[in-house]
1. Which one of 241, 210 is in contact (Cβ under 8 Å) with a residue 40 or more places away in the chain, crowded, with 23+ Cβ neighbours inside 10 Å and in contact with a helix residue (DSSP H, G or I) (Cβ under 6 Å, 6 or more places away or on another chain)?
2. Conditions first: (1) within 20 Å of the chain's Cα centre (by Cα); (2) free of Cβ contacts under 8 Å to residues at least 60 places away in the same chain. Residue 267 passes all but one, so which condition is the exception?
3. Taking strands (runs of 3 or more DSSP E) that fall entirely within the stretch 1-118, which contain at least 2 residues that are free of Cβ contacts under 8 Å to residues at least 40 places away in the same chain, under 30 Å from residue 404 (Cα atoms) and out of contact with any strand residue (DSSP E or B) (no Cβ under 7 Å at 6 or more places or on another chain)?
4. Among the residues of the stretch 304-320, is any assigned to a helix (DSSP H, G or I), modelled with pLDDT of 95 or more and either surrounded by fewer than 24 Cβ atoms within 10 Å (Cβ to Cβ) or touching a helix residue (DSSP H, G or I) at 6+ places or on another chain (Cβ under 7 Å) (or both)?
5. Report yes if some residue within the stretch 190-201 is in contact with a strand residue (DSSP E or B) (Cβ under 9 Å, 6 or more places away or on another chain) and either surrounded by fewer than 22 Cβ atoms within 10 Å (Cβ to Cβ) or not in a helix (DSSP H, G or I) (or both); otherwise report no.
6. Residue 417: within 20 Å of the chain's Cα centre (by Cα), assigned to a strand (DSSP E or B), farther than 30 Å from residue 37 by Cα and in contact (Cβ under 8 Å) with a residue 40 or more places away in the chain, yes or no?
7. Would you check which residues across the stretch 247-258 are surrounded by fewer than 19 Cβ atoms within 10 Å (Cβ to Cβ), outside any loop (DSSP other than H, G, I, E, B) and either in contact with a helix residue (DSSP H, G or I) (Cβ under 8 Å, 6 or more places away or on another chain) or at positive phi (or both) and list them?
8. Specify which of the listed residues (38, 60) is modelled with pLDDT under 95 and surrounded by fewer than 18 Cβ atoms within 10 Å (Cβ to Cβ).
């Protein structure tokens, strides 16, 4: 078996998802109803989610079977390859061993299809005709558009306006698969109109786009809402990444000292790291789990662990998480998928309990790492994924300084072939860092809900 590319056969693709709720030392506090601020139950979620996903959201079973109809579609690109980045190791002159799981081989070009397919499937089973969703950089919008096309469901995507303008080809891909793509904030919802009344030039945010999509779903009987990150069932679906990676690392004969993933809402990181967190929790495995976020949207590194709304309009449930405040407006960085004010309640609880570390990086540093990776390994990372790339480079350099042959594993969650305008800006010296000023952070955190 070559150490450069480690593959699994179709028969080795996981048949079950891993649910970390079965092993967490402390479960997240319960979500609250946005109106009553009382704990919600499964029935409270039925206006926007199918019961199949709701039961996964609240389940504490360790293993949940992947339906065969879902596995049939996942086999289009799964199992995804694991690579050893030997050329990058050489460029860094490091004793570290660097491995990356490459999710850019999916038809959507990212990890997002891992959850889009089961979400579309469970909605189809329950007779839902249309899904409404939001998207930041566009990876999730593309994935859900493709999944809805597979199952014959209509799809409407509220795309954060700054990304709608920065990433036109992602919008084109959604439209190719039949989706209606709307720049957010829009005049089509009350949530959007309220934002535009306050700021006609609003660049939008994931929190705003979520409000629009939830409102859209709630007002139509034929429509449900789909979310590409944050929620428990999304982290569950993404666990297929880490489950495969564990098998591939075993084939290569190594176990990681550190597992790295970029982090916006948390599902990308969770998908890679939670199966290793199982080892850390249940058998005290000595593995570090590192979530990487932008310094301009430092949810885990500078946010508060409090109850907050998942969206700007306060339509979504209130959840206990690390947050910058639901009204926080991040700068228009080019890692649009990481511009979210909160994080997964599951991930937030693990960070709170010290089982997961978090670091922040500026986008110029991130693009430097992305270009070094592209020159070494031949793959251009998405700006989001480049956060994990740069963190892995830093780990490898730290290993060199310490003289340690540590093993590094990261999730290369998507390619950047549709992000080349962002690379053009970086190469021309026009890309800037936007560290979040302390006064802006304090202002954003002033209006957390009273619970």
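The values are calculated or read from the model by the stated rules, or taken from the named source; none is laboratory data. All of these numbers come straight from a predicted model, not from anything done at the bench. A quick note on method: Cβ atoms are made from the backbone with ideal geometry, for glycine too, and the neighbour counts reach across all protein chains shown.
1. Criteria check complete, one pass: 241.
2. Only one criterion in (1) within 20 Å of the chain's Cα centre (by Cα); (2) free of Cβ contacts under 8 Å to residues at least 60 places away in the same chain is unmet by residue 267, namely (2).
3. Qualifying strands (runs of 3 or more DSSP E): none found.
4. Scanning the stretch 304-320, I find no residue that is assigned to a helix (DSSP H, G or I), modelled with pLDDT of 95 or more and either surrounded by fewer than 24 Cβ atoms within 10 Å (Cβ to Cβ) or touching a helix residue (DSSP H, G or I) at 6+ places or on another chain (Cβ under 7 Å) (or both), so the answer is no.
5. Within the stretch 190-201 (the criterion being in contact with a strand residue (DSSP E or B) (Cβ under 9 Å, 6 or more places away or on another chain) and either surrounded by fewer than 22 Cβ atoms within 10 Å (Cβ to Cβ) or not in a helix (DSSP H, G or I) (or both)), the answer is no, since none of the residues qualifies.
6. no
7. Listed by number, the list holds a single entry, 247.
8. 38
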